[in-house]
Amino acid sequence: MKSVEYSPMGVCARRITFDLDGDKIYNVKFYGGCNGNLKAISILVNGMSVDEIESKLKGNLCGDKGTSCADQLAIAVRSAYENNK
């Protein structure tokens, strides 16, 4: 299992950490952002594959930011997975 730290761009969260085990994601934690919502996302995606997370969260927008913490998570897990191949 590989621990990953990602610095999201364009959102309130300052950092996202998670564990990557093959194509599965565990222990997602957001630092900053909308605490309750991000805790819920972390619980819901625990154990999901990169493809599942990406299909559900990629493109989700927060206001007029052009991205969201959920979208940034989808980008982060895909990037970590591709870099870990």
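Condition first: more than 21 Å from residue 20 (Cα to Cα) and of a type in the set (A, V, I, L, M, F, W, C). Now tell me which residues in the stretch 34-85 satisfy that.
Answer for the stretch 34-85, where residues must be more than 21 Å from residue 20 (Cα to Cα) and of a type in the set (A, V, I, L, M, F, W, C): 34, 61, 62.
Quick one: which of 73, 61 is closer than 19 Å to residue 14 by Cα and outside any helix (DSSP H, G or I)?
61
The conditions are (1) open to solvent by 60 Å² or more (accessible area, probe 1.4 Å); (2) of a type in the set (S, T, N, Q); (3) in contact (Cβ under 8 Å) with a residue 24 or more places away in the chain, and residue 72 fails exactly one of them. Which is it?
So residue 72 meets the others, but not (1).
Within the stretch 4-22, count every residue that is outside any strand (DSSP E or B) and touching a helix residue (DSSP H, G or I) at 6+ places or on another chain (Cβ under 8 Å).
Residues meeting the conditions: 6.
Confirm whether residue 25 is in a helix (DSSP H, G or I) and of a type in the set (Val, Ile, Thr).
Judged against the criteria, residue 25 is not a match.
Does the stretch 32-43 contain at least one residue that is outside any helix (DSSP H, G or I) and of a type in the set (Lys, Arg)?
No, the stretch 32-43 has no match at all.
Taking the stretch 4-63 as the region of interest, how many residues are within 16 Å of residue 75 (Cβ to Cβ) and open to solvent by 70 Å² or more (accessible area, probe 1.4 Å)?
Matching residues across the stretch 4-63 total 13.
The values are calculated or read from the model by the stated rules, or taken from the named source; none is laboratory data. Keep in mind the model is a prediction, meaning the values are calculated, not measured. Note that we place each Cβ from the backbone using ideal geometry, even for glycine, and neighbour counts take in every protein chain shown. Remember, those area values only see protein heavy atoms, side chains included, never the ligands or the DNA or RNA. Shrake-Rupley method; radii C 1.70, N 1.55, O 1.52, S 1.80 Å.
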